[in-house]
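One structure below.
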Amino acid sequence: MRRDMDYCIKILGDLAKGEHKAVLYLSHKFTPEITEEEEIENKKYLYHLEILEGAGFIEYELEGISGGDLISDCPRLTWDGNDFLDMVENDTLWNKTKEAAKEKGFEVAKMPLELLVTFTKMKAKEMLGIEI
C-alpha cells in the first residue's frame, strides 16, 4: 500500500473535528458484519493512521478485538499535525503546491514528507508576499 496524501489530509481534517472510525474490522472472512470492500477500506485507514503517527502528526492507541482493532479514543493531532493541517486545509495553497510540484516533475504523494512540508511553506510565503 502507498501513502495517499489527499486521504491523509481527509483523515487529519476528520480527526480535528473529533470524527474517526472507532472499530476497524480487518477480516471479512472472520467477521461477517463487513464486506470485502469495507475490510480493504479499514486496512487503508489503519495504514494511514500508522504513517501519520510515524510522521509525528497524530497519537492514538489500538486495542485488539476479535477480527480487528478498536481505537479507544479519537486520535489526537500533535502540534506538527495541526500545523500541517493548517497549511493544507487552505485549498488554494494546497492546489498551488500540487500544481507547482507537478510542474517540477513531482507528485506530492511521492515526495518525502519533509520536502513536501518545506515546499508547501515556500508556496505559502510566495502567496503572502514574504521574501524567501
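Descriptive notes on the structure:
- Accessible surface, per residue, of the chain when the full set of protein chains is kept, probe 1.4 Å, Å²: 62 Å²
- Accessible surface of segment 47-132, 1.4 Å probe, proportion on carbon and sulfur as whole %: 49 percent
- Computed over the chain, Kirkwood Rh from alpha-carbon pairs, angstrom: 16.1 Å
- Equivalent ellipsoid, segment 74-126 (semi-axes from 5 times Cα gyration tensor eigenvalues, Å): 20, 12, 9
- Subset of 98/125; 21/123; 104/125; 10/96; 98/123; 43/123 violating a 22 Å alpha-carbon distance limit: 21/123; 43/123
The values are calculated or read from the model by the stated rules, or taken from the named source; none is laboratory data. From a predicted model like this one, the values you see are computed outputs, not experimental measurements. For the accessible areas, the whole protein counts, side chains as well, though only heavy atoms, and no ligand, DNA or RNA atoms are used. Shrake-Rupley method; radii C 1.70, N 1.55, O 1.52, S 1.80 Å.
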